[in-house]
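Scroll down for the structure; my scribbles are underneath it.
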């Protein structure tokens, strides 16, 4: 395979051909170039590599000079100027040299014999051909059904495959796509839901540590819920048990008196906590009773009243009262803290947010935490009052309303239940994540995709037959069995046919067949083997008249079609039917199979090339190793590419290139040409690109004025809906400008981009003059040819776009 032109210097029209394309040559290579861009030189360079090239030395001498350079890279090594003539590659080239060598050189018409002349018509062969035709028709129908089912499967597969590639890293769906005969049962909605869950699991497991951390953080938020922590059983025990305070109050009064006095004297810092002083002093009194019942401070004899003094201390500092007050203080602080903010609403908002957040991790839970409840708040208030009442009268017996207790305990239970439920759900999900293997999930996803494709393919709405009695997979299985039988039968018939082949005038037979493919029915050719030149006889089918020379009998388009039909016939006989050499090792080069004067056969030619080279129904693998197609015709290039890319065998191996006319180089086909739809859009895009300095002056100076005229004529013709002039002919720019003047009279003047109606007409006339031939002077007196200057041409391109924009604002 030819992969790249590394260096082509001073060869043919190329001074220095450089390659700026991103991709090397592939199986199919389509090259667009304007006339004069070097397409013929390109094809002749490839011809020099061919063992089929006639008089290779003469061609080499015509193309090269003493200091020429050639370096061509192939899969089998490099070919240089030194060894190019010795090259014996199996390359078939259709270009002007081939036409001159093999069909018509301008003076004589002469069809060469094929290297294998094959007799293709005798009675037995005709019978075999009829059988082959029947088998082919039936096989085509069967294969059409198979292809239709395959297309449906591909349409189902593609979005699933695209989704997989976008979501799964470092994995491919290799060997996952099911065969059209593969069939499983299932509910398509359920399968798609399961696939979504698997993708979710994959995403979570692939980000496992982060997901677990986020779930743990959600779990931590549960601690922000405010609970009513009241132990009513313990509380009731305190409230209903009275504690005496008479002795306690006597000591308390003294403590308060001394505390107050120390504050008045401002010596509390020196004394410290008075209560603590009394408490520690009481402990010393207990020790004093065991010693001598004297005061530790003043040594007074306290024998008569030390017991009563110790009773006061015991009452004041007993554990029961301390516990009671501590218990009451804690509960009072707790309830007052809850009252300090709207804890019910806060709890509701937190719980709601937690429930919504865990839904993102496919964890479902109900929020049974209620919003604000006045009865509950009233119950808390009543409990608070009871606590304060007990603190003020410890020796009293206090009871709390039972309904208030029930309300508070019910809310406590709701909060605890909610916390436990969420914790369990999150812990379960975390444990599930820790136990998942990402490879297992990917395998499950692939299996699920395969199931979905099969189940959806066999849905009734996708059935290729209206009867819908059998599923697509069942139909495909039967069709493949029948197709295999037809293929075997066809191979047997082809073998019989090959055995019957003998020498025949194959040249004229096949050429006439392919001429009809080009839509040429009005003449046929015959080859006279006894003649060495002018051996072609043309018979005009309507009159029966014969011509032995066609130099003046056929149009240039017909001559090109005849030559190309011969080239195709030569390939068929020598490489497909009559040769032991494999077509799979052949390179085919086709240079401008469409004459500049014959656009009518664009589609037929593109279709024939595609069908002939790449759709061998009897042997799909029999395709050329590599193909180069060169043309100046954008419409042909478009048809050629569209035809080839529908073939799944080659659609990933088609490259498009552009051969520049200035400073010759090969580059990737520009997007403007890839997206070509018609000549008007292409020419308008060229004018815009030049105006915006995206195209160089030297590239367009010789044709841009003509482009402006064509674009203006086309635009005005459509805008004015004018299909003929005063004489019933297609309107030219003169006629269209006059019509524009008339049309403008029906509309008020307006200004846009510095233009008004009069200025537009003035510019149109000026642009017409520039684009006409007389813009370059009087042709019959011309001494030299001078292009319009770059500055003027750029201004005219700008004016053309401005005029179109201005007129387009009017709606006629």
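No value in this document is a laboratory result; all are computed from the given coordinates. For clarity, every value in this text was computed on a predicted model and none was experimentally measured. Positions of Cβ are generated from backbone atoms using ideal geometry, with glycine treated the same way; all protein chains shown enter the neighbour counts.
Odds and ends about this structure:
- The equivalent ellipsoid of the range 331-474 has semi-axes of 60, 18, 12 Å, largest first, where each one is the square root of 5 times an eigenvalue of the Cα gyration tensor.
- Stokes-Einstein, applied to the Kirkwood radius of the range 1-105 over Cα pairs at a viscosity of 1.567 mPa s and 4 °C, places its translational diffusion at 91 µm² s⁻¹.
- Take every Cα pair under 8 Å whose residues are at least 6 apart in sequence, average their separation, divide by the length of the range 679-808, and the relative contact order is 32 percent.
- Packing-based exposure ordering (other Cβ within 10 Å, fewest first) of 134, 524, 291, 609: 291, 134, 524, 609
- Using alpha-carbon coordinates, inclination of helix 679-691 to the longest axis of the chain, degrees: 70 degrees
- Exposure proxy shown here: for 742, 40, the number of other Cβ atoms within 10 Å sets the order, fewest to most, as 742, 40.
- Relative to the longest principal axis of the Cα atoms of the chain, helix 402-435 runs at roughly 40 degrees.
- Point-to-point label distance, residue 724-residue 440, nm (Cα→Cβ direction, 7 Å offset): 8.1 nm
- Residue 304-residue 263 pseudo-label distance in nm [points 7 Å out on the Cα-to-Cβ vector]: 3.6 nm
- Residues of the range 696-714 with an amide N closer than 16 Å to a point placed 7 Å from the Cα of residue 34 along the Cα-to-Cβ direction: 696-711.
- With kT/(6 pi eta Rh) evaluated at 37 °C and eta = 0.692 mPa s, and Rh the Kirkwood radius from Cα pairs, the range 128-284 diffuses with a coefficient of 124 µm²/s according to Stokes-Einstein.
- One chain, two ends: residue 177 and residue 100. Fully extended at 0.36 nm per residue, the span grows by 22.6 nm beyond their Cα-Cα distance.
- Whole-number D in µm²/s for the chain (Stokes-Einstein; Kirkwood sum over Cα pairs; 37 °C, 0.692 mPa s): 87 µm²/s
- Multiplying each eigenvalue of the alpha-carbon gyration tensor of the range 679-808 by 5 and taking the square root yields semi-axes of 25, 18, 14 Å, largest first, rounded to whole angstroms.
- For the chain, share of DSSP beta bridges that run antiparallel, in % to the nearest 5: 55 percent
- A crude spin-label estimate for the pair residue 410 and residue 747, with each label 7 Å from Cα along the Cβ direction, gives 7.9 nm.
- Net length gained if the chain between residue 540 and residue 469 were fully extended (0.36 nm per residue, minus Cα distance): 20.1 nm
- FRET E, pair residue 362, residue 693, Förster distance 51 Å, beta-carbon r, rounded to 0.05: 0.35
- The long axis of helix 306-316 is offset from the longest Cα principal axis of the chain by roughly 20 degrees.
- Stretchable slack from residue 69 to residue 549, in nm (0.36 nm times residue separation minus alpha-carbon distance): 168.7 nm
- The residue 86 and residue 769 beta-carbon pair, evaluated with R₀ = 56 Å, returns a calculated FRET efficiency of approximately 0.45.
- On the beta carbon distance between residue 147 and residue 701, with R0 = 51 Å, the FRET formula returns roughly 0.55.
- The order of 273, 61, going from fewest to most other C-beta atoms within 10 Å of their C-beta, is 61, 273.
- CD proxy at 222 nm, helix term only [per DSSP H run n ≥ 4: -39500 (n - 2.57); per residue of the chain; nearest 500]: -18000 deg cm²/dmol
- Length-normalised contact order of the chain in % [C-alpha pairs under 8 Å, at least 6 apart]: 22 percent
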